[in-house]
2 protein chains.
Amino acid sequence: MYRTNTCGELNMHNTGQDVILCGWVQKSRDLGGMTFVDLRDRYGITQLVFNMETNKEICEKARKLGREFVVQAIGKVRERSNKNLKMSTGDIEIEVNELNILNRSEIPPFTIEEETDGGEELRMKYRYLDLRRTTVKNNILLRHKVSQEVRKYMDSIGFIEVETPILIKSTPEGARDFVVPSRMQPGTFYALPQSPQTLKQLLMVAGFDKYFQIVKCFRDEDLRADRQPEFSQIDCEMSFVERDDILNTFEGLARYLFKQIKGIEFKEPFLRISYCEAMEFYGTDKPDLRFGMRFTDLSGSVKGHNFAVFDTSEYIGGICSENCSEYTRKQIDELTEFVKRPQIGAKGLIYLRYNVDGTLKSSVDKFYSQEDLKKWADIMNAKPGDLILVLAGDKKKTLTALSELRLEMGNRLGLRTKDKFFPLWIVDFPLLEWDEELKRFYAMHHPFTSPVPEDLPLMTTDPGKVRANAYDLVINGVEIGGGSIRIHDAAVQKSMFKVLGFSDEEANEQFGFLLNAFKFGAPPHGGIAFGFDRLVAMFGGQDSIRDFIAFPKNNSGRDVMLDTPSQISNKQLDELQLIIGGKNKKKLL
Amino acid sequence: MYRTNTCGELNMHNTGQDVILCGWVQKSRDLGGMTFVDLRDRYGITQLVFNMETNKEICEKARKLGREFVVQAIGKVRERSNKNLKMSTGDIEIEVNELNILNRSEIPPFTIEEETDGGEELRMKYRYLDLRRTTVKNNILLRHKVSQEVRKYMDSIGFIEVETPILIKSTPEGARDFVVPSRMQPGTFYALPQSPQTLKQLLMVAGFDKYFQIVKCFRDEDLRADRQPEFSQIDCEMSFVERDDILNTFEGLARYLFKQIKGIEFKEPFLRISYCEAMEFYGTDKPDLRFGMRFTDLSGSVKGHNFAVFDTSEYIGGICSENCSEYTRKQIDELTEFVKRPQIGAKGLIYLRYNVDGTLKSSVDKFYSQEDLKKWADIMNAKPGDLILVLAGDKKKTLTALSELRLEMGNRLGLRTKDKFFPLWIVDFPLLEWDEELKRFYAMHHPFTSPVPEDLPLMTTDPGKVRANAYDLVINGVEIGGGSIRIHDAAVQKSMFKVLGFSDEEANEQFGFLLNAFKFGAPPHGGIAFGFDRLVAMFGGQDSIRDFIAFPKNNSGRDVMLDTPSQISNKQLDELQLIIGGKNKKKLL
């Protein structure tokens, strides 16, 4: 062993001990007679001290150490005269009597500090240096901790982790697959799983009863910001359960994780609201409930005053921002600009100040009397000092715009703090989505999602109205997990395929193995999957998942450190009997 | 919830309770007045009883249940009159008063019993039914348990699990890569990792200090029996360590697993023997030390008696089988046939019986006197009652043949029992292997394996003699894990590439990102990887890994259940700008 201790553990109890430490040179300060070196490893930083008077030779050696040199220091622990209270090792230092350079380092291309001067691209190229930074390192340590706790909890409640294969079969439904050419059977391909959905259902058919897996999934999609072509999920499935069994089980997991990771205990059961309610009151199926500002539908209350915008609108909705009646003209203008941005698309913003003195002032005073405005305020449960913001127009678009406005107000009012968490379940999603272009229904979740039992008759009469027995776990406006009760009945599955416009043949070609399996005694079952990267990022208090993945890819799906994807040899192409077409055309030898 | 209890937990303490069970019909017996149904779930089997007299309707329903129907049974626990001591639930049965068929089943293509009548191919096609069999199910449960324990232990000693990417870069060195065409950058490819070797080394450069991962690895090789194109390993790496630190750490893991999984505690430290010793005494680098029969080299002791076979042999070696002196002529002939099989390739077998009465009888009596033979016996430490078996010829081939003979004798004498375990470390492997055809050296482990420090000078003078700082964990003749101390010094790495015949350019092209990383302060480090499938199979007492993998592939790399690899659509090919060549030629649209 190169060391007796780590750089994060020595303190006053160790003074007088002879120790050996190893690590990287974080920085060194040469104060003439004395040289101080901060030595860093995974566990912390310990100060090394070298004295020109007592040991000239070694002190001179220390002076020549560059940043990020790897060294072994042998010496004695002693109390510092100048203590650093911010560090766990800040009470002591090591008086070094032997210094060995284990490896040298070129000057790193960016600073290895909490805040670095390195840009995104540079950090990714030298990810192994970026990972030395405390913030990034701690994210990866957090990820380990969360995965350990997930497994501990799932095991404790009888779930078993089963590894499902990575080389599976391509199915055209859903997102685009990554494929893997087979050399043994040229012209054929494996696909990488977008999720182990069908495999976990087969495990239920196999009787495994309670399955989970922290598993890599793959999607070959044009990458939106903060999407990764490979990502991890906590994938779960249970048999002989109904919706509430699943919600209760995984609410248990979420509570356990919040307790273990954040020290937070939720007293109340997680709120459960329907998709319709979520859309109606928050304009989104991922509402951030760290704060209120529920929408009030004013459509039935404010028309008929010759204000054309309202009179011609399908929907008029408002939010009430407490204690904002004194917003300046400039602030209101900013909000107006905000909702008029093309990505939000509202035509304008109507405000109503409920002044502290009880008077009311709105941008539509021309059309509404004080009494009329008072009525609005009452409907909205506003009180003096509040500011009411109203949007109007096409219902769907207006709900979405109002949702963005609500979040913006949440941000402005500091109501979306990273240390507050509000988990809730969204239930009763629509089963199907209508594709106007292709004139067909799509499964909103996937084609194995069960309808809500009481909606079954609608499958033939009004499929668009059928609710899915599906659910999402939403925390702070982010979808952390989602799942459904699956169809285990062959007749229901058949009617589902029919609604989706799959012929028996197509259904068989794509899902034959699953449909076949279901003939041999499929139990009632359902499951859920959590975005693991997202979950960890949430616990880490960050929006981006990238720094919670050790070696992420960039927005073009490239690993700039490994420099991949890259060309392969002609020999490899020949073995696979593949020819590259297009403008990169390469001939088969 | 569909049930109150599982089929594996009810006993005499529960009599009189009203319960609801769910599961699959294992079998049913119709005894006229009474019908018995064995209901099975993951946890066990519980007997349901239906009485024609007390409840005719439900009894008739039960009589119509087919094998593997999924049912829900509501009833009361009562003591059985005819107890089954072999089952944990054998004291009780359920008097059913409500029976719901949750799903029907076609007649399964093979019996769902411990021993099935289904052949390999059929079992694989209907793997979800095969997994219902107790033996296979228990293997998968065991796998879960081992993975949990590995993680628990590694976490407890400060290792962190880091997920490394699956979409990485193809490197021509080593086995053949599976590749993944990139759609965003047509003509380029990702590769699936054969192991996260370079990535875990980068994590050490990043300062992660102690890393592990249970991770999928991929090799596109023509499959030997019991190899899988995707397999799992426990991948580990540590910094600031020397060889013995690694061996001690992972001996700790092995001991912990044996204790937790098998209840076995090893008193002695694991034996550590060199590669040379292993070859010399057991003819293999994976010796099965559940039994002795070490080789004795007779080359220096038995020549010069006009027995041409010996006199012209490079090597003469023998094993001593205790208490086998009374082996019959027929048994000896069988052994002779065994060693003469082409895959073993010995020319013949010489035996020497040390009879109980002290006399000696050999197949070469013509050339050796009783005194000569007594001398053999003494060299071999044989005692009256033992049988000495000797092979002679070219050294390398004879050692291998003798190794096979030793294992065969171990089998015949019942010395290779599944409940005995003998773990040992093999150390000091050769660093390089000479390829006679290509006239070049190959890295026996991989090109980052460090030479044993004292052999460094030989790198330039006699590279073939250099020992690697590498090690294998061998248990019962199977290589369970292997690893090495890595090169962290740029100069040593350079000389290694030189010996392997890599130009600077080639080295840079293939491993540039690693060599570049090493410029920024690589710590001394080393690691190990365990074959996870193999490890679990060993704990499960089986030689084949296939039934310890939920959804394995067959020897042609096919998943016959999913029916993959398979064709993909022209649209997919077009998006990837790929053309299929060879006899399966497909044109780009």
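In this Cβ point-charge picture (+1 for Lys and Arg, -1 for Asp and Glu), the protein assembly as shown has a dipole of about 540 debye about its Cα centre.
Residues B:366, B:395, sorted by accessible area with the largest first, give B:366, B:395 [1.4 Å probe; ligands and nucleic acids excluded].
Just check segment B:118-272 against the gyration tensor rule for me: Cα atoms, a ≥ b ≥ c as the square roots of the eigenvalues, rounded for a/c under 1.5, and otherwise prolate or oblate depending on whether a/b exceeds b/c. Oblate is the answer for segment B:118-272, as a/c is 1.5 or above yet b/c matches or exceeds a/b.
Only lysines eight or more places from residue B:56 in sequence, or on another chain, were considered; those with a Cα closer than 27 Å are B:27, B:64, B:76, B:83. Taking the dipole about the Cα centre of segment A:49-90, with the C-beta of Lys and Arg at +1 and of Asp and Glu at -1, give me whichever of A:72, A:59, A:84 is farthest to the positive side. The one lying farthest along the dipole's positive direction is A:84. The mean number of partner chain beta-carbon atoms within 10 angstrom of a residue's beta-carbon across peptide B:64-76 is 2. Contact order, relative form, for chain A: 13 percent (alpha carbon pairs under 8 Å, 6 or more residues apart, mean separation divided by residue count).
Taking every alpha-carbon pair under 8 Å whose residues sit at least 6 apart, segment A:423-528 reaches a relative contact order of 28 percent. Peptide A:206-218 has a mean of 5 when you count, residue by residue, the C-beta atoms of other protein chains within 10 Å of its C-beta.
Extension gain, residue B:340-residue B:57: 0.36 nm per intervening residue step, less the Cα-Cα distance, totals 94.9 nm. Heavy-atom accessible surface of residue B:63, to the nearest 10 Å², is about 90 Å², with a 1.4 Å probe and all protein chains retained.
For the residues A:149, B:436, A:120, a 1.4 Å probe over the protein chains yields an accessible-area ranking, largest first, of B:436, A:120, A:149. Heavy-atom accessible surface of residue B:422, to the nearest 10 Å², is about 60 Å², with a 1.4 Å probe and all protein chains retained.
Of all beta bridges that DSSP places with both ends in the protein assembly as shown, some 90 percent have antiparallel geometry.
May I ask you to give the solvent-accessible area per residue for segment B:12-103, in square angstrom, as obtained with a 1.4 angstrom probe?
48 Å²
Please go through the residue pairs A:152/A:259; B:340/B:396; A:152/A:216; A:145/A:553; A:303/A:366; A:137/A:286 and name each one whose alpha carbons sit more than 21 Å apart in this structure. Checking Cα-Cα distances, A:145/A:553; A:137/A:286 exceed 21 Å. Our summary gives segment A:12-103 a relative contact order of 33 percent, counting only alpha carbon pairs under 8 angstrom and 6 or more residues apart.
Chain A against chain B buries an accessible area of about 11200 Å², both chains summed, 1.4 Å probe radius. Here residue A:376 sits with roughly 10 square angstrom of accessible surface, probe radius 1.4 Å. Solvent exposure of segment B:423-528 amounts to 40 Å² per residue of accessible area, where only protein heavy atoms count and the probe is 1.4 Å.
Can you classify the protein assembly as shown as rounded, prolate or oblate using the Cα gyration tensor, where a ≥ b ≥ c are the square roots of its eigenvalues, rounded means a/c under 1.5, and otherwise it's prolate if a/b beats b/c and oblate if not? In terms of gyration-tensor shape, oblate. Counting only Cβ charges, +1 for Lys and Arg and -1 for Asp and Glu, the dipole size of chain A around its Cα centre is about 1240 debye.
When Rg and Dmax are taken over the Cα atoms of chain A, they come to 30.3, 93 Å.
By its C-alpha gyration tensor, with a ≥ b ≥ c as the square roots of the eigenvalues, how is segment B:37-136 shaped: rounded for a/c under 1.5, else prolate for a/b larger than b/c, else oblate? Oblate, since a/c reaches 1.5 and b/c is not below a/b. Sorted largest first by accessible area at a 1.4 angstrom probe radius, with every protein chain in place, the residues B:467, A:294, B:558, A:133 fall in the order A:294, B:467, B:558, A:133.
Looking at chain B, do any whole DSSP H helices span at least 18 angstrom along their long axis by alpha carbon and average 0.0 or above on Kyte-Doolittle, and which?
Span-like helices, by this rule, are absent here.
The values are calculated or read from the model by the stated rules, or taken from the named source; none is laboratory data. Bear in mind that the values here come from a model prediction, so they are computed numbers and not experimental data. Cβ coordinates were reconstructed from backbone atoms using ideal geometry, including for glycine residues, and neighbour counts include every protein chain displayed. With ligands, DNA and RNA removed, areas are computed over all heavy atoms of the protein, side chains included. Shrake-Rupley method; radii C 1.70, N 1.55, O 1.52, S 1.80 Å.
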